[in-house]
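Laboratory data are not the source of any read-out in this text; all were calculated from the coordinates shown. All values reported here derive from a predicted model rather than from experimental measurement. Here the Cβ is made from the backbone with ideal geometry for all residues, glycine too, and neighbour counts use every protein chain on show.
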Amino acid sequence: MKRRQFIKNTVATSTLIGAGGLTLNACSSGSEKHLTILHTNDVHSHIDAFPKDHADFPGLGGLARRAGLVQKIREENPNTLLFDAGDIFQGTPYFNFYGGELEFKLMSKLKYDAATIGNHDFDNGIDGLLAQMPHAQFDFLIANYDFTNTVMDGQTKPYKTYIKDGIKVGVYGLGIQLAGLVTQKLYKETEYLDPYEIARDIETQLKETENCDLIVCLSHMGYSYENENRTDDLTLGKKTKHTDLIIGGHTHTFLERPTIVTNANDREVLVNQVGCFGVNLGRIDFYFDANGATSNGVSISV
Amino acid sequence: MTKLKHFDCLKIKHFVVFITIVMGYSCKEAPKKLSHITGKELKIDSTSQAVNSLEQFILPYHNHVENVLDSTLAYASLDITKTDGSYNTTAGNLMADIILEQAAPIFKRRTGKNLDFVLLNHGGIRSSISKGNVSARTAFEVMPFENNTVVVELSGPSVKEMLTYLITSKRAHPVAGIELVLNKDDSIKSIKIQGQPFDANRNYYVATSDYLVSGGDDMVFFKDALEVTDIDYKIRNAMIDYFSKVDTLSPKVDLRYYKLD
């Protein structure tokens with residue numbers, strides 16, 4: 001399928017290139033800053049590539065190859081962050097044999113910066129998740145699960161900030177409602193909190209207190225549901241004010257391109273998800289300069 | 001003219017001052033405003049060079065999993081499928097019989113009670129078993145899900161409702177411990193549970209999948225469960241344990257559930 005190229009606000013883009021040039025002459029530090037965000041979701045223990053004769057994903061995926069791609073991108077742009085939107089566990093015998101140990105070890109070797117928690121990450125119970133935490137050299141970000149009365153207490157953070165080439169990135173995580181989806185015996189006393197409310201609180205904190213230049217949400221809520229009572233990423237994008245990018249999961253949604261959503265501040269933001277099983281890697285590049293968005297808004301090419 | 005020249009000079013001075021301030025500001029406040037975003041999806045295929053050290057790291061895990069999965073546990077003396085009968089099938093009977101045999105002793109130990117029968121769902125059997133060697137991989141193929149075996153206590157009327165569901169679904173949902181014979185018009189000719197005629201006044205213990213108890217496949221009668229006991233035994237593990245225990249799998253389409261011609 002041929003990808004259609006969308007170039008929005010081309011006038012704004014060319015104006016900014018000019019402005020960037022001016023700053024370059026003035027400062028030795030470079031005109032533009034460039035941050036790359038890479039992401040996966042719902043990898044479901046898919047460590048090996050699919051066989052060439054696979055019905056759905058012939059010859060695709062494979063963790064060692066993902067590592068190669070990530071490495072190449074990092075060489076091109078050291079200001080790269082790598083995230084996962086949950087459901088790391090369950091789907092191949094690797095999980096049944098090793099309980100998620102291999103998944104976490106490999107993600108650590110790929111130098112993932114953070115992940116959020118999906119419903120299947122409770123498949124060996126909350127104790128099973130805790131047991132694998134020592135193998136994860138990356139952060140688990142989830143703002144709307146209260147683990148206070150569980151063994152996972154203290155193992156996760158609601159958000160984390162990263163500074164890349166002077167750009168401060170705030171990242172928070174959101175999980176799906178577990179009741180009705182996961183046996184309570186598995187998630188135990190994990191308390192689920194309203195994601196929209198939490199998202200607005202956290203993004204305000206990241207914007208106003210932490211002074212982040214960019215705000216990213218790792219969500220395992222799902223891309224979109226017809227049932228209005230279910231929370232989803234498209235609605236989150238509309239309801240939030242400062243979140244620039246929502247990296248989604250859960251619904252195994254393959255998108256032709258990231259979705260542009262108009263947020264509560266009438267600004268265009270992105271919602272993305274890259275299917276499942278590690279067959280794709282999402283890549284979003286953010287370019288910053290001194291002038292920033294014009295009255296025409298930030299230009300988005302997807 | 002002199003005046004004008006002076007004026008020009010001032011203008012230049014102002015401009016220099018202005019530019020200096022602007023540049024100074026730009027340098028101090030390094031470029032930080034979002035101007036442009038691009039987004040794309042990168043396919044992970046053979047064009048991505050695999051990292052050799054990671055391949056080497058994965059290899060022993062991979063080999064161990066493959067060896068265990070492929071080691072022969074039993075032998076299938078025929079192709080076992082879920083489509084070789086109208087009311088009961090070889091694959092369905094094998095699955096239901098495995099659960100009855102494997103779950104009953106655990107349930108008895110846990111609760112002191114006897115398991116009466118098993119009901120699974122036809123759709124839950126995800127693969128046939130080909131004649132030949134049977135391994136743990138076979139169990140993963142037939143049952144890729146993590147469903148647990150649960151034992152549900154149902155009242156007599158709920159069991160009746162269950163039978164109605166079974167009959168009207170017109171599908172060979174796997175059963176064990178039951179003998180159900182239908183008349184030509186789909187009415188019940190006879191129903192026995194554990195060899196005894198069905199008794200509407202007693203409760204029964206039925207082993208099934210936690211997926212079905214939570215409403216899967218519209219098995220709504222499970223909502224009236226009097227008690228649900230999760231025996232912490234994955235259906236797939238029950239299969240693997242059974243395969244390890246027996247030498248040969250030779251399930252048959254039999255008379256546990258059929259309709260009179």
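Per-structure values
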| quantity | calculated |
| --- | --- |
| Amide N of the stretch B:228-261 lying under 13 Å from the label point, which is placed 7 angstrom from the Cα of B:VAL181 along Cα→Cβ | B:255-261 |
| Chain A: relative contact order as a whole-number percent, Cα under 8 Å and 6+ apart | 23 percent |
| Pairwise centroid distance, computed over Cα atoms, of the stretch B:216-254 with the stretch B:75-120, Å | 6 Å |
| Length-normalised contact order of the stretch A:66-117 in % [C-alpha pairs under 8 Å, at least 6 apart] | 43 percent |
| Length-normalised contact order of chain B in % [C-alpha pairs under 8 Å, at least 6 apart] | 27 percent |
| A:TYR94, B:TYR61 arranged by Cβ crowding within 10 Å, fewest neighbours leading | B:TYR61, A:TYR94 |
| Volume per residue of the C-alpha convex hull in the protein assembly as shown, rounded to whole Å³ | 182 Å³ |
| Percentage of interatomic Cα-Cα distances in the stretch A:25-175 larger than 25 Å | 35 percent |
| Cβ-Cβ FRET estimate between B:ARG202 and B:ASP261, R0 fixed at 41 Å, reported to 0.05 | 0.80 |
| Backbone N within the stretch B:220-246 under 17 Å of label point (7 Å from A:ASN227 Cα along the Cβ vector) | B:220, B:223 |
| Candidate aspartates and glutamates for bridging to A:LYS241, where Cα separation is under 14 Å - those fewer than 8 sequence places away on the same chain excluded | A:GLU197, A:ASP201, A:GLU203, A:GLU208, A:ASP213, A:ASP233, A:ASP266, A:GLU268 |
| Spatially proximal aspartates and glutamates relative to B:LYS82 (Cα-Cα < 15 Å; intrachain offsets below 8 disregarded) | B:ASP97, B:GLU141, B:ASP254 |
| 222 nm mean residue ellipticity, helices alone, for chain A (DSSP H n ≥ 4; -39,500 (n - 2.57); rounded to 500) | -7000 deg cm²/dmol |
| Label point distance in nm, B:THR248-A:ALA131, each placed 7 Å from Cα along Cα→Cβ | 3.8 nm |
| Potential lengthening between A:LYS238 and A:LYS185 on full extension [0.36 nm per residue; Cα-Cα distance subtracted] | 15.7 nm |
| Beta bridge orientation in the protein assembly as shown: antiparallel %, DSSP, nearest 5 | 65 percent |
| In range of the label at B:THR47: residues from the stretch A:35-61 whose backbone nitrogen is under 17 Å from the point 7 Å along Cα→Cβ | A:58-61 |
| Whole-Å distance, taken between Cα centres, linking the stretch A:93-119 and the stretch A:155-179 | 18 Å |
| Above-threshold pairs, the threshold being 31 Å between Cα atoms, out of B:LYS189/B:LYS252; B:LYS189/B:LYS234; A:LYS33/A:LYS157; A:LYS168/A:LYS188; A:LYS185/A:LYS238 | B:LYS189/B:LYS234; A:LYS168/A:LYS188; A:LYS185/A:LYS238 |
| For chain A, share of DSSP beta bridges that run antiparallel, in % to the nearest 5 | 50 percent |
| Helix runs (DSSP H) in chain B reaching 18 Å along axis by Cα, Kyte-Doolittle at least 0.5 | B:2-28 |
| Ranked by how many other beta carbons lie within 10 Å on average, peptides A:206-213, B:182-189, B:62-69 from highest | A:206-213, B:62-69, B:182-189 |
| Along principal axes, Cα extents of the stretch A:237-279, largest first, whole Å | 34, 17, 12 |
| Bins of 20 Å, starting at 0 and running to the largest distance - Cα pair percent for chain A | 33, 57, 9, 0 |
